[in-house]
Amino acid sequence: TIGRYDPIKWSYFTKEALNYPILVQIRSICSVSLEPQLHRILDSIPRDKETTELYFHTTSWRGCLSILNEISHDIGRKCLDFGLTPGFYLSKDILVALEWGFKLNRAMGNQIAIIVFRLPKRFPDKLRRKDLIGEEWKEVTHISRRCITQPLELEQLRGYDFVYGSMVANVEDIAYGARPETHKPPKLQLVSKTRKGDEYLQNNIVKCIYFDPPQSKPRRS
């Protein structure tokens, strides 16, 4: 095994990819010339930029195949930025997703993928979305990251399918009493908190970019 992930042979993953035309292979996530290729792929996705925008979820190859079959917010970690209960988190910036993938790359055995979602700027009325800003953002993220236990989700978030707002920049400091701070400039994220939200995201996956592992150097004889 590699880290805590079982290795997936590249040939196996490529064979699986034949079942999903939206999967795209790209060079190693460690490549210095990766960004232009990544933007070309995103620019090729059909969409109305006035009414829709792209979101991104970084995962492993195995996670990618699992998510393409079914999204489940319940398997996420508890006590992240938005709430005491788990959620399925998306970044609004491809470079943030790429940065997260680079950090996870070794732990995931060089098996990184980024799933791309095309979502409307205005969500359907059947979905409830909460935008966290100002003092409410500080209160919710502070309690969430302190992981102050209680039997239910935070009152401010109950009944919402999606929560949207800034990522917390100083996560480790909050455990010692610091107030949450945003990145400068803010890094924005969207999280699904319900089954209804998961199903909506599932229907709006438009691409999955999986990264080629770095080629090992040949041994000298």
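The values are calculated or read from the model by the stated rules, or taken from the named source; none is laboratory data. Not measured: the values here are computed from a predicted model. Cβ coordinates were reconstructed from backbone atoms using ideal geometry, including for glycine residues, and neighbour counts include every protein chain displayed. When the accessible area is computed, the model is the full protein with side chains, heavy atoms only, and any ligands, DNA or RNA have been set aside. Shrake-Rupley method; radii C 1.70, N 1.55, O 1.52, S 1.80 Å.
General remarks:
- Lone unmet requirement of (1) over 28 Å from Arg129 (Cα atoms); (2) buried (at least 16 other Cβ atoms within 10 Å of the Cβ); (3) modelled with pLDDT of 90 or more for Tyr210: (3)
- Of the residues making up the range 133-163, those that are hydrophobic (A, V, I, L, M, F, W, C) and within 18 Å of the chain's Cα centre (by Cα) number 2.
- Glu50 vs. criteria modelled with pLDDT of 90 or more, open to solvent by 30 Å² or more (accessible area, probe 1.4 Å), of a type outside the set (Gly, Ala, Ser) and under 15 Å from Cys208 (Cβ atoms): no
- Output for the range 116-172, where each listed residue is among the basic types (Lys, Arg) and over 23 Å from Glu199 (Cβ atoms): Lys138, Arg145, Arg146
- Residue match in the range 23-31 (condition: among the small types (Gly, Ala, Ser), surrounded by 12 or more Cβ atoms within 10 Å (Cβ to Cβ), in contact with a Gly (Cβ under 8 Å, 6 or more places away or on another chain) and modelled with pLDDT under 95): no
- Hits in the range 53-89 - residues which are within 27 Å of Val140 (Cα to Cα), part of a helix (DSSP H, G or I) and either under 14 Å from the mean Cα position of the chain (by Cα) or in contact (Cβ under 8 Å) with a residue 24 or more places away in the chain (or both): His73, Ile75
- Residue ID - nearest to Cys79 (Cα to Cα), chosen from residues in the range 116-152 that are open to solvent by 80 Å² or more (accessible area, probe 1.4 Å), part of a loop (DSSP other than H, G, I, E, B) and at pLDDT 95 or above: Ile133
- Subset tally (residues that are open to solvent by 40 Å² or more (accessible area, probe 1.4 Å), assigned to a helix (DSSP H, G or I) and within 16 Å of Glu136 (Cα to Cα)) for the range 156-182: 1
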